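Okay, structure first, notes after.
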Amino acid sequence: MSINGDSSSSQHLRLHYSAPATEWSEALPIGNGRLGAVVYGRTDVELMQLNEDSVWYGGPQDRTPPDSYRMLPRLRQLIRDERHAEAEALVKEAFFATPASMRHYEPMGVATLEFNHTNVVDYHRCLDLETSQVSVQYTADNISYRRDVIASYPDNALLVRFNTSKQTRFIVRLDRLSDIEIETNVYADTVTSVGSHIIVHATPGGQASNKLCSVLGIACEDGGTVEAIGNCLIVNSASCTIAIAAQTTFRCDDPEKIATVQVDEALAQSWERLVERHRADYVQLFGRMSLHRWMPATLWPLGGLWLSITLIESLKSQYDETLHARLFKVHEGAVQFVIDFLIPSKCGSYLVINPSLSPENTFVSNSGSKGIFCEGSSIDMALVRVALLQFLWSLQRLSKPNHPLKIPVETTLAKIPPLTLGKGGLIQEWGLNDYEEDEPGHRHVSHLFGLYPAELIHPSVLCSR
């Protein structure tokens, strides 16, 4: 593999390979948001593994735990009473989704093109990120071959263009077989070929499941032929277009009808027109931004609040009032959530997040029991304090002295518990509770968020008990 280092963006955003993929992680992905494929670029039997986003095992289900809201006061009281084992048991009983495990996603199937080409030279495959197109080129027995693959959103189809310098015979299949070709009747109810189409009906997950229909069609432009034999298509052509569409009963009542129409409408257009429509749609989305760095690697229970804090903090290095007005709406929603979710602490003096925890860490309570849930962990309350302070700063910068949340935020801020030092002179990780760590020296130091990046900690604000 190589990433072209040319200074032009079109060259920089191409991934180049000099051999076919030998495993899934080497195959090249394309997709339109609903349909997707990974393309291996093989010269003997080309393999494209296919996805459609509503192909799930089983049918729709509501996994919302029905008693969680009713049990929330009991959970909060158990946490206050330091009955940690009971609190964790109640979370498992009343707050976990029902059933506990979600239904698994299913692949749509595979499409194969059987060429059996040998004596291959000058092989090259490429993924152009700027146009979302996979290309495969090579020469076999002195005949040049090229395939281009796109996933078109405007035409609701995966599209393959096959070109060669001489008319070629190859076999096209569409089914639910795995790469190692274990045949089963559990998933693939029927695979039929009619005319220039292959139609697959599948029921992944029993009678109550969504029903899937995948349709593949081929159109030749050079006087070539397509013949249906068994459950495959025999193609003799030097220039043809293959279209694959799929629908499930999650979105429509007659997936075969809609998928067939989508295939036929795509094949009624020239390849140049299909590419033009695909690129016009894709470029307006992909071209909105350029990628310079990756996202954070993890998510967080109060992630929305933390993200809103980060957005507002970014304004302080290079202030932009127009941007501030846009970001303020996000931050305003986060602050509204915090004010609504805070409740009085056990002692009644403060407002705290409950239930709360310190990520991936476990404490030993004063009674010797172990637990993870507490009232107002240090990181949660530091996030709350920073968010409220930022909100007041925003009101000042945006000249909103009469904002309806100003007084509630000021009142709430006065009731946020201070960062507290425990008997060992350490910051109490679990808020107002001076608990011992079950694993001293634990790799997570979430309770130091108040030190960095929040800059809340200096000697004058630490409360020693």
Mind listing whichever residues of the range 44-60 are farther than 21 Å from GLN262 by Cβ and surrounded by fewer than 19 Cβ atoms within 10 Å (Cβ to Cβ)? ASP44, VAL45, TYR57, GLY58, GLY59, PRO60
Got at least one residue in the range 361-369 being of a type outside the set (Ser, Thr, Tyr), closer than 26 Å to LEU311 by Cα and at pLDDT 85 or above? no
Select from the range 325-352 the residues that are more than 30 Å from the chain's Cα centre (by Cα) and either free of Cβ contacts under 8 Å to residues at least 24 places away in the same chain or not in a loop (DSSP other than H, G, I, E, B) (or both) and write down the one among them that is surrounded by the most Cβ atoms within 10 Å (Cβ to Cβ). VAL352
Identify the residue in the range 190-211 that is touching an Asp or Glu at 6+ places or on another chain (Cβ under 7 Å) and closer than 19 Å to ALA37 by Cα and, among all such residues, is surrounded by the fewest Cβ atoms within 10 Å (Cβ to Cβ). HIS201
Residue check, ASP148 more than 20 Å from LEU47 (Cβ to Cβ) and touching a residue at least 12 places away in the same chain (Cβ under 8 Å): no
Say whether the condition of being basic (Lys, Arg) and surrounded by 14 or more Cβ atoms within 10 Å (Cβ to Cβ) is met by at least one residue in the range 423-442. no
Quick check on my filter: what residues within the range 117-161 are over 28 Å from PHE286 (Cα atoms), in a strand (DSSP E or B) and of a type in the set (D, E, K, R)? ASP122
Residue pairs meeting the criteria (Cβ under 6 Å; at least 6 apart or on separate chains; first outside any helix (DSSP H, G or I), in the range 88-99; second modelled with pLDDT under 90 and surrounded by fewer than 13 Cβ atoms within 10 Å (Cβ to Cβ)): ALA97/ARG63; THR98/ARG63
When the range 38-94 is checked residue by residue, the ones that are in contact with a Gly (Cβ under 7 Å, 6 or more places away or on another chain), at pLDDT 90 or above and either of a type in the set (Val, Ile, Thr) or under 29 Å from THR248 (Cα atoms) (or both) are LEU50, ASN51
Being more than 14 Å from PHE373 (Cα to Cα) and either in contact with a helix residue (DSSP H, G or I) (Cβ under 6 Å, 6 or more places away or on another chain) or in contact (Cβ under 8 Å) with a residue 60 or more places away in the chain (or both) is the filter here; which residues of the range 414-442 pass it? LYS415, ILE416, PRO417, LEU419, ILE427, GLU439, HIS442
Between a residue in the range 17-39 that is in contact (Cβ under 8 Å) with a residue 12 or more places away in the chain and of a type in the set (Val, Ile, Thr) and any residue that is crowded, with 20+ Cβ neighbours inside 10 Å and not in a strand (DSSP E or B), which pairs come within a Cβ distance under 8 Å, given they are 6 or more apart or on different chains? ILE30/SER132; VAL38/ALA27; VAL39/ALA27
Go through the range 360-391 and count every residue that is farther than 19 Å from ASP81 by Cβ and either surrounded by fewer than 16 Cβ atoms within 10 Å (Cβ to Cβ) or of a type in the set (S, T, N, Q) (or both). 4
Name every residue in the range 72-87 that is more than 33 Å from the chain's Cα centre (by Cα) and outside any loop (DSSP other than H, G, I, E, B), in order of residue number. PRO73, ARG74, GLN77, LEU78, ILE79, ARG80, HIS84, ALA85, GLU86
Scope the range 299-324; condition among the hydrophobic types (A, V, I, L, M, F, W, C) and surrounded by 13 or more Cβ atoms within 10 Å (Cβ to Cβ); matching residues: TRP300, LEU302, LEU305, TRP306, LEU307, ILE309, LEU311, ILE312, LEU315, LEU323
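Residues are listed down the side, and each one gets a yes or a no for (1) at pLDDT below 95; (2) surrounded by 21 or more Cβ atoms within 10 Å (Cβ to Cβ); (3) hydrophobic (A, V, I, L, M, F, W, C); (4) closer than 21 Å to LEU216 by Cα:
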residue	(1), (2), (3), (4)
GLN133	no, yes, no, yes
ASP141	yes, no, no, no
ARG146	no, no, no, yes
ILE150	no, yes, yes, yes
ASP155	no, yes, no, yes
LEU158	no, yes, yes, yes
ARG161	no, no, no, yes
LEU177	yes, no, yes, yes
GLU183	yes, no, no, yes
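The values are calculated or read from the model by the stated rules, or taken from the named source; none is laboratory data. Computed from a prediction, not measured in an experiment: that's the story for all the values here. FYI the Cβ positions are ideal-geometry reconstructions off the backbone, even for glycines, and counts take in every protein chain you see.
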